[in-house]
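K.L.:
Could you have a look at this structure, given as structure tokens, before my questions?
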């Protein structure tokens, strides 16, 4: 497994004199545990790893036991100035943040240089615990789905393979047997994420509705759909508030998100119909009945994959940065993605072959809003590979 760039960032933070709890938050199968284990190997610091993501029920006493084990290793390893404790999926233990706070403060008072790394696949629960109990004691390192250049460097993929199979490194070795790859994505990633990271961690009164919403998000990824139309598609008599809440849960689990409309005013953005977006195109491909070869022969489906892969790349790259992702539409004119940073705005149009004719959306948008850059991605514009490999900061220059 290749070292992700985040490994160097984490190593640098652990070497600093001031201690912070390092929280690595991201979807399943994105390399959080691998990064943590590589840190252990790279730093050669006495370390203890433990995970709460096991069938055996655990409570706050389990956290104390693991903490004491790490303390003992540090105290008995003569000549070592630091130790590392890694707690994986700690958010699955009720009241975890209060216990971590108490033990962290005890070490701080005693001058014990124990470094703590916590890993979690539930963004919402991790951030709740961090902000409620651990204010001033933590730093978040977002772990996202793998980018194109990471999948290319690790597995030799070209752009087309990345567009179809997405950024799941654990499934990369299975693509020669596409049915096996599809079952792995559905059974080991989708089902596990929904049943263990969403349904068991948050109150969901209509689990069947949440599952169907996820499937709808993959089916209509890259398209704007009002909540009322979603309810009609889902054949459910629920309310739009519930649907918006479930969409937020699915985003927190790294599956799909609802991109809000850009209007220059955040209040108006929140009231708009969302553009559904799969955060990893492997989810779309796995739920389809098309093979890689068949998908390339279906312009409409392939075009949705291309647009979604661009949107997912932007959304994942924007995590942990001061960027905001949205879309724009007005009077049958649309801009696929709008990326804003303060007063700077970048309009991005994806030419995937699915759309015909000219692209009046970019011009109409720039007339209504001050626009720093207008980017066309695809044929006669920025090649997909070049766009995937360009850091988002470059889009504003």
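Computed from the coordinates by the stated procedures, all read-outs in this text should not be read as laboratory data. Owing to the predicted nature of the structure, the values given are computational and were not obtained by experimental measurement. Quick reminder, even Gly has a Cβ in these numbers, built from the backbone with ideal geometry, and neighbours come from all protein chains shown.
K.L.:
In the range 148-396, what % of DSSP beta bridges are antiparallel (nearest 5)?
P.N.:
The antiparallel fraction comes to roughly 65 percent.
K.L.:
What ranking of 314, 118 emerges when the number of other C-beta atoms within 10 Å of each C-beta is taken as an exposure proxy, fewest first?
P.N.:
314, 118
K.L.:
Compute the acute angle (0 to 90°) between the alpha-carbon long axis of helix 123-133 and the principal axis of greatest extent of the alpha-carbon atoms of the chain; round to the nearest 10°.
P.N.:
50 degrees
K.L.:
A follow-up question, please. Please list, short to long, the whole-number percent of alpha-carbon pairs of the chain in consecutive 20 angstrom bins beginning at zero.
P.N.:
26, 55, 18, 1
K.L.:
Using per-residue counts of other Cβ atoms within 10 Å, averaged over each peptide, order 104-116, 26-38 from highest down.
P.N.:
26-38, 104-116
K.L.:
Subtracting the Cα-Cα distance from 0.36 nm times the residue separation, let me have the gained length for residue 44 to residue 373 in nm, one decimal.
P.N.:
113.9 nm
K.L.:
Same structure, new question: With runs of 4+ DSSP H residues as the only contributors, calculate the mean residue ellipticity of the chain at 222 nm using -39,500 (n - 2.57) per run, divided by the residue total and rounded to the nearest 500.
P.N.:
Rounded to the nearest 500, it is -13000 deg cm²/dmol.
K.L.:
Sticking with this one: Quick one: if you stick a label point 7 Å off each Cα along the C-beta vector at residue 135 and residue 382, how many nm between them?
P.N.:
For the pair residue 135/residue 382, the computed spacing is 3.9 nm.
K.L.:
Past the 19 angstrom mark, what percentage of all C-alpha to C-alpha distances in the range 205-358 do you count?
P.N.:
Tail of P(r) above 19 Å: 54 percent of Cα pairs.
K.L.:
Now for a different question. Need the full-extension length gain, residue 128 to residue 177, defined as separation in residues times 0.36 nm minus the C-alpha distance. One decimal, nm.
P.N.:
Stretched fully, the residue 128-residue 177 segment lengthens by 13.6 nm.
K.L.:
FRET efficiency for residue 248 and residue 76, Cβ-Cβ distance as r, R0 = 41 Å, nearest 0.05?
P.N.:
Efficiency for this residue pair is about 0.35.
K.L.:
Can you sort 293, 368 so the residue with the fewest Cβ neighbours within 10 Å comes first?
P.N.:
293, 368
K.L.:
On a 0 to 90° scale, report how tilted helix 96-110 is relative to the longest principal axis of the chain, with both axes built from alpha carbons and the result rounded to the nearest 10.
P.N.:
50 degrees
K.L.:
Report the Cα centroid-to-centroid distance between the range 1-72 and the range 110-141 in angstrom, as an integer.
P.N.:
The distance from the Cα centre of the range 1-72 to that of the range 110-141 comes to 11 Å.
K.L.:
Which distance in Å, rounded to a whole number, links the C-alpha centroids of the range 271-296 and the range 161-216?
P.N.:
Using only Cα atoms, the two centres lie 12 Å from each other.
K.L.:
Then there's this: Provide 184, 49, 162 in ascending order of the number of other Cβ atoms located within 10 Å of each residue's Cβ, fewest first.
P.N.:
Exposure proxy ranking, most exposed first: 49, 184, 162.
K.L.:
Can you tell me how much longer the chain between residue 102 and residue 297 gets when fully stretched, taken as 0.36 nm per residue apart minus their C-alpha distance, in nm with one decimal?
P.N.:
Result for the pair: 64.4 nm of gain on full extension.
K.L.:
What share of all Cα pairs of the range 35-155, in percent, falls into each consecutive 10 Å distance bin?
P.N.:
Spelled out per bin, shortest first, that is 12, 41, 34, 12, 2.
K.L.:
Another question about this same structure. As I understand it, the value is the acute angle between the Cα axis of helix 299-318 and the longest principal axis of the Cα atoms of the chain; what does it come to in degrees, rounded to 10?
P.N.:
In the chain, helix 299-318 runs at an angle near 40 degrees to the longest axis.
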